[in-house]
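> Okay, handing you the structure first.
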Amino acid sequence: MQPDLVCMSWRSESIWIEFIVGSRKTSNFCWAFILFFGSLGFLLVGTSSYLGRNLISLFPSQQIVFFPQGIVMSFYGIAGFFISSYLWCTIFWNVGSGYDRFDRKEGIVCIFRWGFPGKNRRIFLRFLMKDIQSIRIEVKEGIYARRVLYMEIRGQGAVPLTRTDENLTPREIEQKAAELSYFLRVPIEVF
């Protein structure tokens, strides 16, 4: 048995479990804080221009006229609060987290993800290993480089195994694909 904390996976001879990090990432916490405090600043400046009082000492309310600057800043503040609230909710619910479980002994593959609250909060997919045709690597280079690992299922199509924003290097995604295809005993396809 080999626990791997860097890749957040656990492997034995017959079972491979890979834990997927959801929305609780450092970047999401940073963006949520930045959006919250930025929108709070915009809203306070817009409100201070309406009230004619200095709620923020950096911006005297006499310099910002309520119509149109104050209204626009208030709108940006409210919009920022909505986006920030959305990010905080995805972090709280840990949307996108879960695991991939490959079990050679039982011949099944289980993919589990947490979604948004509601009827379909728990996303659970189960496939037979004999239905796996290949492991596919999709690489798109350029300004918005994208490297995604898929599992091709007979009659089902492709199931993504990595996040689109995971930003794996070509070497890392090739290594991950090679290890998984070796474990599952299926070929690798590159697109």
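> Looking at this structure, is M8 open to solvent by 70 Å² or more (accessible area, probe 1.4 Å) and of a type in the set (A, V, I, L, M)?
yes
> Among the residues of the stretch 28-46, how many are among the aromatic types (F, W, Y) and modelled with pLDDT under 95?
1
> Same structure again: For residues that are in contact (Cβ under 8 Å) with a residue 40 or more places away in the chain and not in a strand (DSSP E or B), tally how many sit in the stretch 19-38.
Step one: filter the stretch 19-38 for residues in contact (Cβ under 8 Å) with a residue 40 or more places away in the chain, giving 19-24, 28-29, 31-32, 35-36, 38.
In the following step, the residues that additionally are not in a strand (DSSP E or B) were identified as 21-24, 28-29, 31-32, 35-36, 38.
Residues meeting the conditions: 11.
> Picking from I64, I91, I78, I71, which residue would you name as being more than 30 Å from Y182 (Cα to Cα), touching a residue at least 60 places away in the same chain (Cβ under 8 Å) and among the hydrophobic types (A, V, I, L, M, F, W, C)?
Result of the check over I64, I91, I78, I71: I91.
> Can you tell me how many residues within the stretch 157-178 are touching a Phe, Trp or Tyr at 6+ places or on another chain (Cβ under 8 Å) and open to solvent by less than 50 Å² (accessible area, probe 1.4 Å)?
Final tally of qualifying residues: 3.
> A further question on this structure: If you check G77 against the conditions, is it at pLDDT below 95 and either hydroxyl-bearing (S, T, Y) or over 30 Å from R163 (Cα atoms) (or both)?
no
> Out of the residues in the stretch 179-191 that are β-branched (V, I, T) and assigned to a strand (DSSP E or B), state the one that is least open to solvent (accessible area, probe 1.4 Å).
Residue satisfying both the conditions and the ranking: I188.
> Check whether at least one residue in the stretch 49-64 is outside any helix (DSSP H, G or I), of a type in the set (S, T, N, Q) and surrounded by fewer than 17 Cβ atoms within 10 Å (Cβ to Cβ), and report yes or no. Don't jump to the end; show me each part of the working.
Within the stretch 49-64, the first condition is being outside any helix (DSSP H, G or I), and the residues that meet it are 52-60, 64.
So of that shortlist, the ones also of a type in the set (S, T, N, Q) come out as 54, 57.
Narrowing further to those that are surrounded by fewer than 17 Cβ atoms within 10 Å (Cβ to Cβ): 54, 57.
Among the residues of the stretch 49-64, at least one is outside any helix (DSSP H, G or I), of a type in the set (S, T, N, Q) and surrounded by fewer than 17 Cβ atoms within 10 Å (Cβ to Cβ), which makes the answer yes.
> Condition check: farther than 30 Å from F29 by Cβ, at pLDDT 95 or above and β-branched (V, I, T). Does I91 satisfy that?
On the way: farther than 30 Å from F29 by Cβ: no; at pLDDT 95 or above: yes; β-branched (V, I, T): yes.
Criteria not met by I91.
> If you scan the stretch 65-82, which residues turn out to be of a type in the set (F, W, Y), open to solvent by 80 Å² or more (accessible area, probe 1.4 Å) and under 21 Å from F33 (Cα atoms)?
Passing the criteria: F75, Y76, F82.
> Suppose we filter the stretch 122-161 for residues that are at pLDDT 90 or above, in a loop (DSSP other than H, G, I, E, B) and over 19 Å from the mean Cα position of the chain (by Cα); how many remain?
3
> Among the residues of the stretch 83-105 satisfying the criterion of being part of a helix (DSSP H, G or I) and among the small types (G, A, S), which is least open to solvent (accessible area, probe 1.4 Å)?
Per the stated criteria, the residue is S84.
The values are calculated or read from the model by the stated rules, or taken from the named source; none is laboratory data. The model shown is predicted, which means the values in this text are computed figures rather than measured ones. Backbone-built Cβ (ideal geometry, glycine too); neighbour counts: all protein chains shown. With ligands, DNA and RNA removed, areas are computed over all heavy atoms of the protein, side chains included. Shrake-Rupley method; radii C 1.70, N 1.55, O 1.52, S 1.80 Å.
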